[in-house]
1. Scan region 67-101 residue by residue and report those that are farther than 12 Å from Val126 by Cα and within 10 Å of the ligand (Cβ to nearest atom).
2. Given Val241, Val268, Val218, which one is hydrophobic (A, V, I, L, M, F, W, C), surrounded by fewer than 18 Cβ atoms within 10 Å (Cβ to Cβ) and within 22 Å of the chain's Cα centre (by Cα)?
3. Could you give me the residue pairs with C-beta distances under 7 Å whose first residue belongs to region 25-45 and is over 16 Å from Ile14 (Cβ atoms), whose second residue is aromatic (Phe, Trp, Tyr) and crowded, with 19+ Cβ neighbours inside 10 Å wherever it lies, and which are 6+ apart or on separate chains?
4. So Thr9 clears everything in (1) in contact with a Pro (Cβ under 9 Å, 6 or more places away or on another chain); (2) over 13 Å from Ser79 (Cα atoms); (3) open to solvent by 70 Å² or more (accessible area, probe 1.4 Å) except one condition, right? Which one?
5. For Leu173, indicate whether it is under 20 Å from the mean Cα position of the chain (by Cα), farther than 17 Å from Gly303 by Cβ and surrounded by fewer than 16 Cβ atoms within 10 Å (Cβ to Cβ).
6. Return the total of residues in region 326-343 being part of a helix (DSSP H, G or I) and open to solvent by 100 Å² or more (accessible area, probe 1.4 Å).
7. From the list Thr35, Thr49, pick out the single residue that is among the β-branched types (Val, Ile, Thr) and assigned to a strand (DSSP E or B).
8. Considering Thr42, Thr55, which residue is of a type in the set (Ser, Thr, Tyr), near the ligand (Cβ under 10 Å from one of its atoms) and not in a helix (DSSP H, G or I)?
Amino acid sequence: MTSANGLLTSVGIIGTGLMGAEHARLLDDEVSGVTVAAVFDTDIDRAATLAKSLTSARLESDPFELITNRDIDALLIASPDQTHEQFVLASVEAGKPVLCEKPLAPTVEACQRIVAAEVEGRRRLVSVGFMRRFDGGYGDLKATLQRGEIGRPWMLHNTHRNASAPPDQPASLLVTGSAVHEIDISRWLLDDEIVAVAAHQPARQLAGGENSAPLLLVLQTAGGVLVDIEVFVDARYGYDVHCELVGGAGTVSLDAPAPTAVRRASAVSRKLPTDWRPRFVDAYRRELQHWIDGLHADVPWTGASAWDGYLVTRIAEACLEAVGTHTRVSIERQERPELYRTD
Ligand SMILES: NC(=O)c1ccc[n+]([C@@H]2O[C@H](COP(=O)([O-])OP(=O)(O)OC[C@H]3O[C@@H](n4cnc5c(N)ncnc54)[C@H](O)[C@@H]3O)[C@@H](O)[C@H]2O)c1
C-alpha cells in the first residue's frame, strides 16, 4: 500500500517466528507506504510459508545480503534476542534504518557497541520495538499525568502476567524478556531515570517450579518515585497487563482490555487474550506506521532509541544482580550522548 504522498519503503524482515510474522502481516495489510520485499529465517520452511502469504516478498538465503541489498530500504529484526546485535550493526553499517524488536540486545556490552556505532555514524538509524509507547491506554496515562490531573507522581504499580511459559525457560528471561517492557514504559511515563533496584520472590517451596515463581521488582527513580513490577509468566488464567499511576491528587490506571463484559449465571466476565499479540495489536500497528511515516518525512522517531534500549538492558542487568545477591543495586546516572538529546 503506498502512502498518501505515493512513497513506498521496501522492508526486509529477519526472523519470521511469532513477532516477525505478526509485523509482516501488519506491514502487508494495515500499514501504508511500505512493502515487505524480502524475508529471512534460519528455519527456511517458516520463512517460505510467510513469504508466500505476503503480497510480494521473496525468500532470502543470507541475512547480511538481505541487509545490504540495494532494493531494501529498511530492516525489521525479529530474530532471537542474542542475534539482534549482529543484524542491527550490519544495518547501521549499511546506513539503513532498522526497527529491532525488544530488547535491543541482551547484554550491556552489546548495546554499548550498537550505541557507539550509531554515534560514530552521527545518524539515528536504530528504533527499538518497545511498542507500549504506542498503546492508547499508556498514552492516556501519560497525558493524564502531564495535564496535572493526579498531581505529582508518587508510585507506579505494574503487573505483567503470561498464561504460561516453556518449562525450560531460563529464570533470567523474567527480567530480560518480560520486565523490560515495564522498565521501558516506566521511564517513558514518568520521564525520569531509574537509579536503584531491588528484587523479591516468594519462598521457593511455594512455587511449583523455580523458574515459574513470580518476581517482584522495586525500582526507585531519580525523582524519588517508587515503581513496582510484578512479573508472573505462569499465571495460568491468561495474558494480563495492569498499570496504575498513583499521584498526590488521584490515580490513573489501565482499564480492562476487553471492550465488552458478559453477564450470565450470576457472574460478570471479560475475555482475556492468551498472549500479547491481540492485547497490543493496535500498538504494533501504530508503531510500524509511525516508523514508516517518519522514514518518508524525515520526522524523528518518538519511540525507544538505541540509547533507551541500552539503558533498559543496563537496568535489567542491575535487576538480575539484585535477584542474585538479594541486595539493593544502585545505577549510576550517565550523560546522554549528544545524538540522543531532543532539547
Ligand atoms: N514486542 C513484543 O511484544 C514482543 C513479544 C514477543 C517477542 N518479542 C521479541 O521478538 C523477538 C522474536 O520473538 P518471537 O516471539 O517471535 O520468537 P520466535 O521463536 O517465535 O521466532 C524467532 C524466529 O527467529 C528465527 N531465528 C533463530 N535464529 C535466527 C537467526 N540467527 N537469524 C534469523 N532468524 C533466526 C527462528 O527460526 C524463529 O523463526 C525476540 O527478540 C523477542 O524478545 C517481542
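1. Scanning region 67-101 gives Ala78, Ser79, Pro80, Asp81, Gln82, Thr83, Gln86.
2. Val218
3. Note: pairs meeting the criteria are Leu26/Tyr284.
4. Evaluating Thr9 over (1) in contact with a Pro (Cβ under 9 Å, 6 or more places away or on another chain); (2) over 13 Å from Ser79 (Cα atoms); (3) open to solvent by 70 Å² or more (accessible area, probe 1.4 Å) leaves (3) as the failure.
5. Values: under 20 Å from the mean Cα position of the chain (by Cα): yes; farther than 17 Å from Gly303 by Cβ: yes; surrounded by fewer than 16 Cβ atoms within 10 Å (Cβ to Cβ): no.
When the stated conditions are applied, Leu173 does not pass them.
6. So the answer is 1.
7. That would be Thr35, the only listed residue that is among the β-branched types (Val, Ile, Thr) and assigned to a strand (DSSP E or B).
8. Within the list Thr42, Thr55, the selection yields Thr42.
The values are calculated or read from the model by the stated rules, or taken from the named source; none is laboratory data. None of the values given here were measured: they were computed from a predicted structure. Quick reminder, even Gly has a Cβ in these numbers, built from the backbone with ideal geometry, and neighbours come from all protein chains shown. Accessible surface areas use protein heavy atoms only, side chains included; no ligands, DNA or RNA. Shrake-Rupley method; radii C 1.70, N 1.55, O 1.52, S 1.80 Å.
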